[in-house]
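Data block below; observations after.
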Amino acid sequence: LLVLLILIHYRKCISMNESIPTDGVYMSDSNTNVKDAPAFHENPYCKALNNAKDIQFDHADVEGNAQNGPVVRLSFASLFDALGTCLKDESSVLLLYSLVHGNCDFQEYVLVRTDLDTLLMPILEMLYNASRKTSNQIYMLLIILLILSQDSTFNASVHKLVLPSVPWYQERLMHQTSLGSLMVVVLIRTIKYNLSKLRDVYLHTNCLAILANMGPHAHRLNAYASQRLVSLFDMLSRKYAKLAELKNDKALKVMSDQMEADIISDDTSTELHIYTDFLRIVLEIINAILTYALPRNPEVVYAIL
């Protein structure tokens, strides 16, 4: 697995004296000046993985793909099940990310599976134990969830799949909880952990983006998930009010060292702006649930009231 990951993620940079080919070049940014932008040779291993097909489908299409070279065929069902048992290993998470991000066929296969808990439960358990993970590991898990949550079928499916129990969740007993409710609870827990420990804006935005994607498709969120969502808004609004008050106090206070006052004020303004964005997204999530899924979510209404 490690050798495979090295092969698919290695990029050989084209040196300045090498002629840049018209095909098979990866540019880091299309808007950058060609002279300044780094260029990379095409990676055949990455291309093979991204074009891999499910062995159970499209047997007749093999000849049709002949002009693009041989196509790797493997059992997506076996791969899906194997990944589900190995996701506690960081290298397996990276392979899943590579497949979901690069291979459209595999991504579609994952989205139509009815047993999404096979992949999602290990991912959610790792996010639950975020304090034992590095920020890079947490990013990878969140990006996988973010890619999947862009699909409306996925968002509908997770709310319909009911889990008999969640043995690794310690704070309270989780019986007959939908996978969607568990995702909301774990993502909000990750947000609160990030606010207190990592304080990483990008990580926070990813969590909120997943919740925003799920919002319009929420279906019978349980009482605990609804209460956590409202408490997240409450916590962010209190933090916002405190920062706004601090900024006003500093604006009124005359300090002997004006430069120091300006630096402190800038820091407060930046943090206030960040919390303003966070609050706006949380309000959008709640608004999406109330606008598109109100009759299906009485617990959310009750928690707000």
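Where a number appears in this text, it was derived from the coordinates with a stated rule and is not lab data. Given the structure is predicted, the values throughout are model-derived calculations rather than measurements. Counting neighbours? That spans all protein chains shown, and the Cβs are built from the backbone with ideal geometry, glycine included.
Couple of notes before you dig in:
- In this structure the amide hydrogen of ARG73, modeled in the peptide plane, comes within under 5 Å of the amide hydrogens of LYS53, none closer than 5 places in sequence on its chain.
- Label-point gap, in nm, between ASN287 and TYR45 - each point 7 angstrom along Cα→Cβ: 4.7 nm
- Under 16 Å from the ARG73 label point (7 Å along Cα→beta-carbon), backbone N, region 38-56: 51-56
- Simple spin-label estimate for HIS101 and GLU125 in nanometres, 7 Å along Cα-Cβ: 2.5 nm
- As a rough guide to protection, the peptides 267-276, 174-183 ranked by mean Cβ packing within 10 Å, highest first, stand as 174-183, 267-276.
- Region 204-246 shape via C-alpha gyration tensor axes, a/c threshold 1.5: oblate
- Working from label points 7 Å from Cα in the Cα-to-Cβ sense, the THR153 to TYR139 distance is 3.1 nm.
- Contour minus Cα-Cα distance for TYR202 and PHE57 (0.36 nm per residue): 48.3 nm
- Summed residue charge, Cβ within 15 Å of VAL186's Cβ, Lys/Arg positive, Asp/Glu negative: +3
- Calculated from backbone phi, Karplus (6.51, -1.76, 1.60) coupling profile of region 119-124 in Hz, x at Gly/Pro: 8, 6, 4, x, 5, 5
- Region 185-230 shape via C-alpha gyration tensor axes, a/c threshold 1.5: oblate
- Cα radius of gyration and Dmax for region 160-304 (Å): 18.3, 63
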